[in-house]
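The values are calculated or read from the model by the stated rules, or taken from the named source; none is laboratory data. What you are looking at is a predicted structure, and each value in this text was computed from that prediction instead of being measured. Using ideal geometry, Cβ is built from the backbone for each residue, glycine included, and neighbour counts are taken over all protein chains shown.
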Ligand code: GLC
C-alpha cells in the first residue's frame, strides 16, 4: 500500500468508526426476552391508543393548556373537577379486545404533566388531586392482565407544568419561572416515575416516549440522556420495548420505530424530518380515529370503518403495526362512535385476522390497488380498489401453486413467469367491499 492509499484507508476507517451507523461505546445489544417481545409485538399488528387526562374535561384536545396559553395553576383546577364516574377498566378492555386489537397504550402522563397513577413523585396525580381518587393505571393493568391484553404506557418527556423541566419550544405561557429549570432534578423525577410504572403494575409491554422534539430549536443540541433512561427501563423489565416518537432516526436502546400519522417511509404529516428512513426494528404507525388525540367535543370527523380497515391493511402490508387512537370522554366512557368502530373492526378481523396477524410485509409495498401481506407458503392480496383492466401484475418470491378468493375458495386465473416470478392475476368482478382478499398458496424457494 502506498503512503497516500494508507492515509486514505485510515481516514475512511476513522469516518466509519465515528459514524452513527457504527455506534461504539453505546452499541445496544437487546436481551433474549427483549427480542422475543419484539417478535410478539410485530405479530400483533393492531393496538389501541388512549389519550386520557384532565385535559379531557376541557374537551378541547390534549394541547389545550399550550394552545390557549392558559396559566398552569388555573388549568390545574380541572383536576378537582375530574370525576370520571363511568370509568370501568373491564369495559374498556372488553371493547378493545372486541376490536381485535392485541394491545392498548394509555397516556400515563401527557405534556400537561398530570399523572394518571398514584405517583409518589408529585401530588399532581389522579389519586391525590382529584375527587375520583382511583389509580386508573392500576385498574387498567389488572383488567389487561386478566384478559391477556398487553399494556403499553405513553410517557411525555416534555412537561408544561413543572418548573424544573428545561425550557423548550412549547409551554412558555403557562406561568413557569424559567430560572427554576433544573435538568438534574427533572431527569431524576422522570426516572423515579418510570421506576414506579415498571415495578408496580405488572408486565408493561412498552414505554412510548413523546416530546423529545420540544428541544429541536435549541441553539446547542439538548442532551436528553436517553440511553441511561432506556437502560433503566431494560434493567427493570428486560422485555419492555422502548419507543420514542422523536421523529428522527432510531437511537441506541430503542426497540421499536414509531411513525406519527404516516406509514413507515412516508412523510405526508411533516413530522419526519431527519430520517423517514425505515429501520429493521418493529414498526408502528399511530393515527387518530377522528382528528384529535385527546377528547375534543367538536371533533366528530371519524374515519369510516372501511377507511380504518384499509389503513390496517396498508400498515400490515409494510410489516408495521397500527396504533389507532381514541380520546376517552371526561366521564370515563369511550365515545359511542369509537365503540361502534371498534366492534366493526372486530367483526372484520374475526373473519380476516388470519391475513393480518402474524404476517410480514409482502414482496410488493402498498399500491393504489391495495396491499400484500405474507406468511410462510401464503400471500394475501388485499384488494381495496379494482386494478385497471381487472388485472394485477406483481412479483412473488416463490412458486405460486394456487390462487383463491379468501372468502369463497373460488379459484382464480393466474400466470407466473418462471424467469423472474412475475405473477399476473385476473381479479374477478366483485361487490364493493372494504377489502377483497385473494390468497396465494406458494411453494417457497429453497
Ligand atoms: C404528538 C402530540 C401529542 C400526541 C402524539 C401522539 O406528539 O404532541 O399530543 O400525544 O403526537 O402521536
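See the values below:
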quantity	calculated
Selected residue (only one of 46, 87, 82 is away from the ligand (no atom under 16 Å from the Cβ) and either surrounded by fewer than 18 Cβ atoms within 10 Å (Cβ to Cβ) or under 26 Å from residue 360 (Cα atoms) (or both))	46
Count of residues meeting criterion [assigned to a loop (DSSP other than H, G, I, E, B) and touching a helix residue (DSSP H, G or I) at 6+ places or on another chain (Cβ under 9 Å)] in region 424-446	6
Only listed residue being within 24 Å of residue 101 (Cα to Cα) and either outside the structural domain of residue 105 (by TED's automatic domain parsing) or at pLDDT 95 or above (or both), chosen from 255, 262, 231	255
Count of residues meeting criterion [within 14 Å of the ligand (Cβ to nearest atom) and touching a strand residue (DSSP E or B) at 6+ places or on another chain (Cβ under 7 Å)] in region 96-113	7
Among (1) at pLDDT below 95; (2) more than 14 Å from the ligand (Cβ to nearest atom) - the single one residue 240 does not satisfy	(1)
Some residue of region 136-156 being surrounded by fewer than 17 Cβ atoms within 10 Å (Cβ to Cβ) and part of a loop (DSSP other than H, G, I, E, B)	yes
Residues located in region 204-228, provided they are farther than 18 Å from residue 109 by Cα and either outside the structural domain of residue 35 (by TED's automatic domain parsing) or touching a helix residue (DSSP H, G or I) at 6+ places or on another chain (Cβ under 9 Å) (or both)	221, 222, 223, 225, 228
Residues within region 379-423 that are assigned to a loop (DSSP other than H, G, I, E, B) and in contact with a helix residue (DSSP H, G or I) (Cβ under 6 Å, 6 or more places away or on another chain), tallied	1
Boolean, residue 264 is in contact (Cβ under 8 Å) with a residue 60 or more places away in the chain and either in contact with a strand residue (DSSP E or B) (Cβ under 9 Å, 6 or more places away or on another chain) or surrounded by fewer than 15 Cβ atoms within 10 Å (Cβ to Cβ) (or both)	no
Hey, residue 180 surrounded by fewer than 19 Cβ atoms within 10 Å (Cβ to Cβ), assigned by TED's automatic domain parsing to the domain that holds residue 285, within 24 Å of residue 284 (Cβ to Cβ) and out of contact with any helix residue (DSSP H, G or I) (no Cβ under 6 Å at 6 or more places or on another chain) or not	no
Tally of residues being under 15 Å from the mean Cα position of the chain (by Cα) and at negative phi across region 232-248	8
Residue satisfying condition, being within 16 Å of the ligand (Cβ to nearest atom), farther than 23 Å from residue 325 by Cα and surrounded by fewer than 18 Cβ atoms within 10 Å (Cβ to Cβ), within set 172, 200	172
Residue, farthest from residue 160 (Cα to Cα), within region 49-62, restricted to residues that are within 10 Å of the ligand (Cβ to nearest atom) and in contact with a helix residue (DSSP H, G or I) (Cβ under 8 Å, 6 or more places away or on another chain)	61
